[in-house]
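S.K.: Have a look at the structure that comes next, please.
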Amino acid sequence: MAKLLILFSIFFSTIAVVVASGSSRESHHFSRNLSPEWMGFKEEKLSHLHFYFHDIITGTKPTTVKVAGAAMTNKSATFFGTVLVMDDPLTVGPEPSSKLVGRAQGIYASTSQEEVGFLMALTFAFMDGKYNGSSLSVLGRNAVFSGVREMPIVGGSGLFRFARGYSQARTHTLNFQKGNAVVEYDVYVFHY
């Protein structure tokens, strides 16, 4: 009988230790590895998008507005310190009446004292076709008077989740007096 009591004591002591140690450990995980298949992703693909960006600063319905500037901004040849907010149409062709496929929404700031160069932080929000409701995020430098400007695609949403790639911008037209511009974009993006 004494042996049986010792066995029961050891058994219940072991269970008590296991239960106590399990409840004292945190059951939440900060991170874990997942496979793309677990997330429902298929094979990664490379897509090319081509559209025109209409940056309208003047007129009765501007798509870009200045929201900040430093005291020296108006004296700067490069508009250094200017911050603008945009909601620019993205179209299939360069004409303003061309089919609307999305909007470029975000901010850009003049960040160079030597040339007209902007830090661009924007989202291409698509509103048409298979990419309707999806978006791509751009964060990079735009040296406005360079023939081709390359800016990185740093992410996306919808069909562009986990996107990465780059965009190339080329000025199609620029009205120096009004400041309005039409910019051609070629975007190359890896996504699932």
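S.K.: So is VAL154 open to solvent by 30 Å² or more (accessible area, probe 1.4 Å), modelled with pLDDT of 95 or more, among the β-branched types (Val, Ile, Thr) and assigned to a strand (DSSP E or B) or not?
M.R.: Yes; evaluated as a whole, the condition is true for this residue.
S.K.: Determine whether PHE30 is over 14 Å from PHE124 (Cα atoms), in contact with a helix residue (DSSP H, G or I) (Cβ under 8 Å, 6 or more places away or on another chain) and aromatic (Phe, Trp, Tyr).
M.R.: no
S.K.: Those residues that are under 20 Å from LEU90 (Cβ atoms) and not hydrophobic (A, V, I, L, M, F, W, C), I need them from segment 108-127; list them, please.
M.R.: TYR108, THR123
S.K.: For segment 164-180, state whether one or more residues are in contact with a Gly (Cβ under 7 Å, 6 or more places away or on another chain), farther than 30 Å from MET72 by Cα and not charged (D, E, K, R).
M.R.: Taking every residue of segment 164-180 in turn, none turns out to be in contact with a Gly (Cβ under 7 Å, 6 or more places away or on another chain), farther than 30 Å from MET72 by Cα and not charged (D, E, K, R).
S.K.: OK, next. When the residues of segment 95-131 are narrowed to those that are among the charged types (D, E, K, R) and closer than 18 Å to ASP55 by Cα, which ends up surrounded by the most Cβ atoms within 10 Å (Cβ to Cβ)?
M.R.: ARG103
S.K.: I'd like the full set of residues that are part of a strand (DSSP E or B), over 28 Å from GLN113 (Cβ atoms) and out of contact with any helix residue (DSSP H, G or I) (no Cβ under 6 Å at 6 or more places or on another chain), limited to segment 157-192.
M.R.: SER157, ARG164, GLY165, ASP186, VAL187, TYR188, VAL189, PHE190, listed by residue number.
S.K.: Out of the residues in segment 166-190 that are within 14 Å of HIS54 (Cα to Cα) and of a type in the set (A, V, I, L, M), which is most open to solvent (accessible area, probe 1.4 Å)?
M.R.: In this case the residue turns out to be LEU174.
S.K.: Kindly establish whether VAL148 is open to solvent by less than 30 Å² (accessible area, probe 1.4 Å) and among the β-branched types (Val, Ile, Thr).
M.R.: Taking the combined requirement at face value, the residue does not satisfy it.
S.K.: Okay, next question. For the structure I just gave you, tell me whether LEU139 is under 20 Å from GLY155 (Cα atoms), modelled with pLDDT under 95 and surrounded by fewer than 18 Cβ atoms within 10 Å (Cβ to Cβ).
M.R.: Here the answer is no, as LEU139 does not meet what is asked.
S.K.: Here is a follow-up. Select from segment 36-89 the residues that are open to solvent by less than 70 Å² (accessible area, probe 1.4 Å), under 20 Å from ILE107 (Cβ atoms) and polar (S, T, N, Q) and list them in ascending order.
M.R.: Those that are open to solvent by less than 70 Å² (accessible area, probe 1.4 Å), under 20 Å from ILE107 (Cβ atoms) and polar (S, T, N, Q): THR58, THR63, THR64, THR73, SER76, THR78, THR82.
The values are calculated or read from the model by the stated rules, or taken from the named source; none is laboratory data. Note that the coordinates shown come from a computational prediction; the quantities given were computed from them, not determined experimentally. We place every Cβ from the backbone using ideal geometry, glycine too, and count neighbours over all the protein chains shown. Accessible surface is based on the protein model in full, side chains and every heavy atom, while ligands, DNA and RNA are left aside. Shrake-Rupley method; radii C 1.70, N 1.55, O 1.52, S 1.80 Å.
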